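Trainee: This is the structure, below, for whatever I ask next.
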């Protein structure tokens with residue numbers, strides 16, 4: 001596929017790069033030594049988590065608890081897409097590299113926000129039908145003089161850092177299968193590491209290493225074994241196959257590495273978090289049980305070869321979409337009087353884990369959010385003591401907390417060595433699971449293997465008070481919270497902590513700064529958009545900056561039966577702040593949307609039931625449960641296509657393919673398409689409000 005570069009200010013770019021580079025020493029190629037020694041150049045943010053530890057702690061302290069109230073907007077930069085924003089910007093020697101949705105990359109002058117270059121990989125937008133949770137991208141990697149980005153359609157692309165020119169472009173997946181890439185690559189030892197997403201649709205997950213200079217594949221590690229009849233790639237796959245039963249390979253198996261990949265220069269190990277099973281329901285993919293390695297596992301491997309070293313599985317026999325792909329933090333903690341090299345993770349299942357990263361042994365694990373699938377985690381064995389009913393045996397259903405949305409998810413936490421606390425989203429959610437009898441795989445659709453439902457509200461007052469989202473300061477040594485701030489919405493955000501004693505966090509339409517010791521709010525800025533991605537900090541000359549990319553997340557649902565007249569426009573941006581700045585965002589255009597009443601159509605129960613089933617299979621991932629779409633999607637209940645005769649031209653013929661609405665002509669018959677249409681009309685006629693819920697993220 002060809003790629004297009006669109007440039008701004010081509011003349012003078014080289015001179016500008018030289019100018020800003022002079023303000024941020026050291027400069028030059030981004031090497032592993034520079035990333036590992038990030039504290040020696042705190043003015044830069046060279047890797048996804050700032051350095052290899054991925055603590056997201058900035059040693060900068062010009063902005064502190066005493067003067068943060070004087071923080072103001074220095075500049076903003078508008079993206080040209082409206083899909084959700086989850087990107088972490090990187091800053092090297094005065095230049096910011098940030099991604100927007102659809103895997104686009106922008107290079108900006110980090111002092112002024114002036115665009116230096118932009119790159120569009122020209123992803124086929126029909127690929128959106130194979131993406132769990134929007135065309136998001138979490139950022140780039142840097143190595144030497146190149147910028148690396150993974151694309152929604154499964155490519156890994158190297159760009160010249162100065163010009164945005166494509167150096168190489170390699171395909172990392174079989175595009176005939178529902179693979180995508182949403183995570184940020186990682187760079188170490190002359191290699192670029194990248195995983196993929198797609199377990200919900202039915203794929204076999206893996207992580208790969210590519211030569212940073214040439215794009216040649218160096219190695220590949222599979223999260224689940226393939227068909228034994230084809231032979232195993234190595235002894236590790238043969239070992240993993242003993243933990244599976246049935247014919248799992250026919251379903252893909254899952255285990256995609258869609259987010260966390262962390263390099264440890266102290267131990268020369270690579271830690272990779274792997275995801276949920278495909279389908280979710282273990283009774284289908286592995287009917288006689290088994291741990292199903294390496295689903296929901298953190299695996300340590302040798303970065304040069306991909307050779308297996310150790311693993312820790314947070315959920316043996318995973319069956320709830322409880323991924324372990326969430327961000328991993330490295331640190332050295334004093335535990336029982338001894339310095340321990342640890343990694344920390346808050347995966348979906350509601351527990352916070354501290355693991356010895358030298359051998360993968362569990363040190364401790366405690367629940368930080370409401371959960372009802374296990375009584376505790378046994379430290380000696382490392383295994384959870386499960387509540388049997390949580391596996392929804394027989395034909396029974398069970399309201400599992402935290403549910404597939406997760407108590408933790410992609411939103412990166414931050415660890416401050418200054419306070420010894422981890423600052424993170426802690427979310428109480430729930431989902432009703434029930435075994436799906438007669439399950440069949442469907443192309444271009446979610447394939448969970450269970451009847452999942454989101455309750456409109458928790459069943460009782462005791463559960464209800466535990467639902468919702470919080471910003472939590474967590475002590476990883478004591479395994480208890482230091483303080484907790486309840487948030488007004490169930491979505492959360494990434495966190496940044498600084499040596500100025502601050503924590504920056506969003507989760508609403510405001511970016512806020514809190515006192516890291518006690519959670520006192522010290523500053524707030526209305527971003528006029530959802531703040532879900534994490535902030536970073538950098539320095540140019542003698543000025544410290546706070547930067548964040550904002551944009552409505554997939555889980556940001558429109559309240560009420562119609563958009564509120566004062567709903568904010570979806571303008572995704574980079575916002576950058578410094579002390580004493582006085583810039584302002586453009587005024588909000590709060591026009592009342594023009595909506596039509598839904599058609600009056602009488603349908604029988606059988607048609608509605610068929611429509612509901614097909615809608616959940618093929619439509620709910622993008623357009624929301626009960627046809628109540630998220631901010632970045634059309635609300636189908638008020639679609640002009642419901643009664644103008646063009647419904648099938650869109651759903652079956654692909655009339656809006658260029659907009660990301662793929663054709664489902666191979667999956668649906670005209671009768672099934674019409675059943676979905678009538679189901680949507682039925683939901684529109686209910687005029688019900690949107691529940692404040694979130695959906696899984698990849």
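Trainee: So, restricting to strands (runs of 3 or more DSSP E) that lie completely within region 1-107, which ones have at least 2 residues that are surrounded by fewer than 23 Cβ atoms within 10 Å (Cβ to Cβ) and modelled with pLDDT of 95 or more?
Mentor: Passing ranges, in order: 71-78.
Trainee: To continue, here is another question. From the set of residues in region 326-371 that are surrounded by fewer than 19 Cβ atoms within 10 Å (Cβ to Cβ) and in a loop (DSSP other than H, G, I, E, B), which is farthest from the chain's Cα centre (by Cα)?
Mentor: 337
Trainee: Would you check if there is a residue in region 189-200 being touching a residue at least 12 places away in the same chain (Cβ under 8 Å) and over 26 Å from residue 54 (Cα atoms)?
Mentor: Yes: one or more hits.
Trainee: Next up: Could you check residue 171 against (1) surrounded by 19 or more Cβ atoms within 10 Å (Cβ to Cβ); (2) in contact with a strand residue (DSSP E or B) (Cβ under 6 Å, 6 or more places away or on another chain) and say which number it fails?
Mentor: (1)
Trainee: Only one residue in 135, 158 is in contact (Cβ under 8 Å) with a residue 40 or more places away in the chain, crowded, with 24+ Cβ neighbours inside 10 Å and either part of a strand (DSSP E or B) or in contact with a strand residue (DSSP E or B) (Cβ under 7 Å, 6 or more places away or on another chain) (or both). Which one?
Mentor: None of the other options fit; the residue is 158.
Trainee: Restricting to region 658-668, and then to whatever is touching a helix residue (DSSP H, G or I) at 6+ places or on another chain (Cβ under 9 Å) and part of a loop (DSSP other than H, G, I, E, B), can you tell me which residue is nearest to residue 124 (Cα to Cα)?
Mentor: Per the stated criteria, the residue is 660.
Trainee: Looking at residue 253 and the list (1) surrounded by fewer than 24 Cβ atoms within 10 Å (Cβ to Cβ); (2) in contact with a helix residue (DSSP H, G or I) (Cβ under 9 Å, 6 or more places away or on another chain), which single condition is not satisfied?
Mentor: (1)
Trainee: Can I ask one more? How do the pairs read when you match residues in region 47-61 that are on the phi > 0 side of the Ramachandran plot with residues anywhere that are surrounded by fewer than 22 Cβ atoms within 10 Å (Cβ to Cβ) and in a loop (DSSP other than H, G, I, E, B), using Cβ under 9 Å and keeping only pairs 6 or more apart or on different chains?
Mentor: From residues that are on the phi > 0 side of the Ramachandran plot, the pairs are 50/42.
Trainee: Let me spell it out: the conditions are (1) under 30 Å from residue 435 (Cα atoms); (2) assigned to a loop (DSSP other than H, G, I, E, B), and residue 306 meets all of them except one. Which number is the exception?
Mentor: Single failed check for residue 306: (1).
Results for (1) surrounded by fewer than 21 Cβ atoms within 10 Å (Cβ to Cβ); (2) part of a strand (DSSP E or B); (3) free of Cβ contacts under 8 Å to residues at least 60 places away in the same chain, shown as yes or no for each residue.
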| position | (1), (2), (3) |
| --- | --- |
| 488 | yes, no, yes |
| 496 | no, yes, no |
| 514 | no, yes, yes |
| 517 | yes, no, no |
| 522 | yes, yes, no |
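Trainee: Now for a different question. When both residues are 6+ apart or on different chains and their Cβ atoms are under 8 Å apart, which pairs have a first residue that lies in region 661-676 and is at pLDDT 80 or above, and a second that is surrounded by 20 or more Cβ atoms within 10 Å (Cβ to Cβ) and in a loop (DSSP other than H, G, I, E, B)?
Mentor: Every condition considered, the pairs that remain are 676/619; 676/668.
Trainee: Turning to a different aspect of this structure: Please enumerate the residues belonging to region 407-434 that are closer than 26 Å to residue 283 by Cβ and at pLDDT 95 or above.
Mentor: Selection gives 407, 408, 409.
The values are calculated or read from the model by the stated rules, or taken from the named source; none is laboratory data. Nothing here was measured: the structure is a model prediction, and the numbers come from that model. Don't worry about glycine lacking a Cβ; one is built from the backbone with ideal geometry, like all the others, and counts go over all protein chains shown.
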